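The values are calculated or read from the model by the stated rules, or taken from the named source; none is laboratory data. Predicted, not measured: the structure shown is a model, and the values here were computed from it. We place every Cβ from the backbone using ideal geometry, glycine too, and count neighbours over all the protein chains shown. Just the protein is used for accessible areas: all its heavy atoms, side chains included, with ligands, DNA and RNA removed. Shrake-Rupley method; radii C 1.70, N 1.55, O 1.52, S 1.80 Å.
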Amino acid sequence: MTHENGGFAVDGESPQPLRFEILGPLGAWRGATPLELGPVKRQAVLAALLLRQGAVVSHDRLLDAVWGTEPPAGGRKVLPTHINSLRRSLDPEGTQPSDSVIRSGKGWYRFVAEAVHLDTADLDERSKAALRTVRSGDPVAAEVQLSEALALFRGEPLANLPGPFAREERQRLAERRRTLRLERLRCLILLGRLARPSNTAASCPSPTFTTRR
């Protein structure tokens with residue numbers, strides 16, 4: 001039995017969710033089963049849809065996101081080919097296009113955001129909690145939470161994926177990683193576990209922790 005949320009159920013069981021990891025090489029699973037995503041251009045198409053958070057993406061905008069100023073040799077026909085292959089990989093067998101996790105219409109595509117779980121959602125949650133703890137003045141707990149958030153990175157985000165969109169996402173996530181690392185460094189310095197480098201002292205303001213009584 002297929003479901004609109006991109007999962008499937010057998011004999012009344014709950015549908016198995018789709019899960020994606022982008023904080024490293026792009027990966028996808030349905031339940032515990034890894035899914036084949038194909039060549040890097042196809043993965044870049046997937047990423048450019050997946051990370052739009054359910055927004056409609058025009059055919060031309062999707063082409064630009066992956067191929068930039070160098071249009072594909074196959075012209076406009078290349079996108080439907082990649083989309084159909086992705087549907088075969090991501091959807092349960094027998095799913096109709098109207099129920100696919102990748103919806104489409106005349107000149108547009110949309111990834112059903114409600115259908116999936118992203119590791120970036122875990123990063124958002126853990127990062128916000130860690131930074132709240134930093135502001136609360138508890139460097140011990142903050143260092144632990146920041147370490148847990150940083151551990152979600154499995155390498156370079158969207159590693160090896162081509163195109164302007166993947167490049168911009170890599171830069172955005174790399175900057176976020178640097179911010180978390182800096183906050184953790186400050187916690188370690190405050191806790192006396194690390195000497196303060198002279199360049200850090202010159203360029204970075206001290207964290208505003210309060211002493212707990």
Top-ranked residue in region 160-213 [being surrounded by 14 or more Cβ atoms within 10 Å (Cβ to Cβ) and among the β-branched types (Val, Ile, Thr); ranked as modelled with the lowest pLDDT]: Thr200
Subset of region 38-61 (residues that are in contact (Cβ under 8 Å) with a residue 12 or more places away in the chain and not in a helix (DSSP H, G or I)): Gly38, Leu51, Arg52, Gln53, Gly54, Ala55, Val56, Val57, Ser58
Which numbered condition Ala113 fails, given (1) touching an Asp or Glu at 6+ places or on another chain (Cβ under 8 Å); (2) in contact (Cβ under 8 Å) with a residue 40 or more places away in the chain: (1)
Among (1) in contact with a Leu (Cβ under 9 Å, 6 or more places away or on another chain); (2) over 18 Å from Asp64 (Cα atoms); (3) open to solvent by less than 30 Å² (accessible area, probe 1.4 Å), the one test that Gly137 misses: (1)
In region 27-57, residue modelled with the highest pLDDT [restricted to those that are open to solvent by 20 Å² or more (accessible area, probe 1.4 Å) and within 12 Å of the chain's Cα centre (by Cα)]: Leu51
Residue that is nearest to Arg176 (Cα to Cα), among those in region 1-26 that are assigned to a loop (DSSP other than H, G, I, E, B) and modelled with pLDDT of 95 or more: Leu23
Given (1) over 19 Å from the mean Cα position of the chain (by Cα); (2) without any contact (Cβ under 8 Å) to a residue 24 or more places away in the chain, index of the condition Lys128 fails: (1)
Cβ-Cβ under 8 Å pairs, at least 6 apart or on other chains, region 80-92 side farther than 15 Å from Arg110 by Cβ, far side hydroxyl-bearing (Ser, Thr, Tyr) and open to solvent by 20 Å² or more (accessible area, probe 1.4 Å): Pro92/Thr2
Qualifying residue in region 145-155 (condition: hydroxyl-bearing (Ser, Thr, Tyr), open to solvent by 20 Å² or more (accessible area, probe 1.4 Å) and closer than 13 Å to Leu49 by Cα): no
From the options Ser89, Ser104, residue that is of a type in the set (Ser, Thr, Tyr), farther than 30 Å from Ser147 by Cβ and assigned to a helix (DSSP H, G or I): Ser89
Count - residues of region 96-123 that are surrounded by fewer than 20 Cβ atoms within 10 Å (Cβ to Cβ) and touching a helix residue (DSSP H, G or I) at 6+ places or on another chain (Cβ under 6 Å): 1
Count of residues meeting criterion [open to solvent by 40 Å² or more (accessible area, probe 1.4 Å), modelled with pLDDT under 95 and part of a helix (DSSP H, G or I)] in region 62-79: 2
